[in-house]
Amino acid sequence: MRPWLLLLSLLALALLAAADTEIVNFRLPLTGKIVTPPRGAATASLSVTQRQTELSVSDAQPELWVALNLEDKGQSWTARLSWPGSSPTRFAAHIHPSATGGVLLHIEAAALSPRMPHPLLARFRGLFRRSTTDNESDGAADADDKASIASSDSWTSWADIGLFNYNSADTDSEPDTDAPWPFHTRFHLVLEPLVFGVLPATAASTIAAILIFAVGGAVLAPCLIRALRLLILRLEEDKGADTPAAALFANMAEKAKTKSE
């Protein structure tokens, strides 16, 4: 397989596997202030039988309140948010007791990349505007060009390439960095109990299988080593070879030749 093809394959697999996760573990009963979602807030619900659901957040709806319907009140639980790495988003999740005696998961999201104000470009732009205003009397042709620049509300030619995206009425003002950066992210929310208070229920079987194979390998490894050692010693006695490796390879070659005939 060619190296560049292998590299492309690994890159494609890495892009498919790229994901981010936010995990919140909690134990009932909850302590703290009872919280009620604000009027008009986006809400959703998730039960233990449903186990997982797909939701979305955006700059227009950065908050989400999820009612968690738990059956067993005496267990530890985990709520896990997973979203693709191709959608860089900052999530914050908090657990609150609700007025109905249930559990509320408050999810807040924001774009991971903040808005860039371009302060140096903004200053350069203001100086350029002032220089064109001071030199308006240089000529009729130049005055027309400068007037067209001064009368424009925004630099559309620069805005098209993303350097300036704010109004040019105030030459000394900087872009609004508090404006929300546009984003839209779909994520999976998983709710499941914790075994022994630390291990998710879906991962318990995998961990158990790993432990069984590890213990089995540790027990069987000495037996296998002793069996291989006895086999090598027997081959040395049969062939009278000087080294164990030579005897082993000679015996294997002879057996292969016999089978082929």
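The values are calculated or read from the model by the stated rules, or taken from the named source; none is laboratory data. Keep in mind that what you see is a predicted model, and the values were worked out from it rather than measured. So basically every Cβ, Gly included, is an ideal-geometry build from the backbone, and we count neighbours across all protein chains shown.
Checking every residue in the range 80-90 against the condition of being at pLDDT 85 or above, surrounded by fewer than 14 Cβ atoms within 10 Å (Cβ to Cβ) and either in contact with a strand residue (DSSP E or B) (Cβ under 9 Å, 6 or more places away or on another chain) or within 28 Å of Pro193 (Cα to Cα) (or both) gives at least one match. Among the residues of the range 91-113, those identified as more than 17 Å from Leu70 (Cβ to Cβ) and surrounded by 14 or more Cβ atoms within 10 Å (Cβ to Cβ) are Phe91, Ile107, Ala109, Ala110, Ala111, Leu112.
With the requirement that a residue be among the charged types (D, E, K, R) and either at pLDDT below 75 or not assigned by TED's automatic domain parsing to the domain that holds Ala92 (or both), what does the range 1-25 give you? Walk me through how you get there before you give the answer.
Taking the range 1-25 first, the residues among the charged types (D, E, K, R) are 2, 20, 22.
The one that is among the charged types (D, E, K, R) and either at pLDDT below 75 or not assigned by TED's automatic domain parsing to the domain that holds Ala92 (or both): Arg2.
The residues of the range 85-107 that are in a strand (DSSP E or B) and under 18 Å from the mean Cα position of the chain (by Cα), listed by number, are Thr89, Arg90, Phe91, Ala92, Ala93, Ile107.
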